[in-house]
1. What do you reckon, is A105 assigned to a helix (DSSP H, G or I), out of contact with any helix residue (DSSP H, G or I) (no Cβ under 6 Å at 6 or more places or on another chain) and open to solvent by 20 Å² or more (accessible area, probe 1.4 Å)?
2. Looking only at segment 1-35, how many residues end up being among the charged types (D, E, K, R) and either within 19 Å of V93 (Cα to Cα) or under 14 Å from the mean Cα position of the chain (by Cα) (or both)?
3. Could you run through segment 175-204 and say how many residues are open to solvent by 10 Å² or more (accessible area, probe 1.4 Å) and more than 15 Å from the chain's Cα centre (by Cα)?
4. Look at D150 and say whether it is part of a helix (DSSP H, G or I), open to solvent by 10 Å² or more (accessible area, probe 1.4 Å), of a type in the set (D, E, K, R) and over 12 Å from V160 (Cα atoms).
5. Just the residues that are closer than 16 Å to A172 by Cβ, open to solvent by less than 30 Å² (accessible area, probe 1.4 Å) and without any contact (Cβ under 8 Å) to a residue 60 or more places away in the chain, please, taken from segment 88-102.
6. Please go through segment 153-187 and pick out each residue that is part of a strand (DSSP E or B), farther than 22 Å from V38 by Cα and either out of contact with any helix residue (DSSP H, G or I) (no Cβ under 7 Å at 6 or more places or on another chain) or of a type in the set (S, T, Y) (or both).
7. G209 fails exactly one of the following numbered conditions: (1) surrounded by 19 or more Cβ atoms within 10 Å (Cβ to Cβ); (2) free of Cβ contacts under 8 Å to residues at least 60 places away in the same chain. What is the number of that condition?
8. Could you list all residues from segment 3-51 that are at pLDDT 95 or above, in a strand (DSSP E or B) and of a type outside the set (V, I, T)?
Amino acid sequence: MCGIIGVTGTGAVAPRLIDSLKRLEYRGYDSAGIAALVGGVTERRRAEGKIRNLEAVLAEAPLNATVGIGHTRWATHGAPTTANAHPHKAGRVTLVHNGIIENFAELKAELAAEGHVFESQTDTEVVAHLLDRELDKSNDAVEAFKRVLDRLTGAYALAVLIDGESEQILGARRGSPLVVGWGEDEMYLGSDALAVGPFTQQISYLEEGDYVVLNRGG
């Protein structure tokens with residue numbers, strides 16, 4: 001059972017992402033990663049194995065940002081490698097995912113026929129490519145996200161960054177839990193209350209089929 005954390009606020013995001021991922025270690029995992037919006041463009045740091053390996057990567061290549069997402073992964077589609085670790089990225093879209101996309105093979109074949117090239121073996125990367133394609137059709141990130149959700153069969157909890165959307169995190173859930181946390185001039189998204197509780201004043205649980213748009217104000 002993978003773990004998700006997202007933070008949009010005013011303070012340094014990487015330490016809080018790491019702290020939250022450590023709170024989710026009880027779920028078990030074989031790789032971990034974070035992504036953050038640096039100057040409006042997403043950068044990722046990922047590692048196989050324990051979170052301390054990810055911390056070593058961050059020590060070599062820090063992320064100076066206030067908006068980011070993180071993930072601990074149990075391998076399902078694809079081996080526990082850095083390439084298969086979340087977050088996954090396609091064009092302007094970077095995301096993390098809990099659950100299984102049951103129709104990913106069909107969607108991947110559709111995208112590959114259009115020239116999309118995949119760097120992982122995961123079902124998750126397909127969602128990133130789908131959303132990047134929808135963004136080519138519309139400048140409205142939320143509407144593009146909703147169209148992608150309509151194409152997905154299976155279970156998911158998603159946290160999404162989009163290049164150029166400097167304060168924004170998109171989230172959605174179907175079959176996998178996701179919570180929203182309110183902090184002081186900060187908002188949080190997590191796979192459970194343990195991930196966000198220490199930083200928040202209020203927590204809401206998304207209902208089945210909900211999607212959410214977060215910025216630091218609410």
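1. On the way: assigned to a helix (DSSP H, G or I): yes; out of contact with any helix residue (DSSP H, G or I) (no Cβ under 6 Å at 6 or more places or on another chain): yes; open to solvent by 20 Å² or more (accessible area, probe 1.4 Å): yes.
When the stated conditions are applied, A105 passes them.
2. Count: 0.
3. 16
4. Numbers: part of a helix (DSSP H, G or I): yes; open to solvent by 10 Å² or more (accessible area, probe 1.4 Å): yes; of a type in the set (D, E, K, R): yes; over 12 Å from V160 (Cα atoms): yes.
Answer is yes for this residue.
5. Passing the criteria: H88, I101.
6. G154, Y156, A157, R173, R174, G175, V180, W182
7. If we test G209 against (1) surrounded by 19 or more Cβ atoms within 10 Å (Cβ to Cβ); (2) free of Cβ contacts under 8 Å to residues at least 60 places away in the same chain, just (1) comes out false.
8. G6, G33, A35, A36, L37, E43, R44, R45, R46, listed by residue number.
The values are calculated or read from the model by the stated rules, or taken from the named source; none is laboratory data. Worth saying up front: this structure is predicted, and the values here are computed from it rather than measured. Cβ: placed from backbone, ideal geometry, glycine included. Neighbour counts: every protein chain shown. Side chains are part of the model used for accessible areas, which takes the heavy atoms of the whole protein and leaves out ligands, DNA and RNA. Shrake-Rupley method; radii C 1.70, N 1.55, O 1.52, S 1.80 Å.
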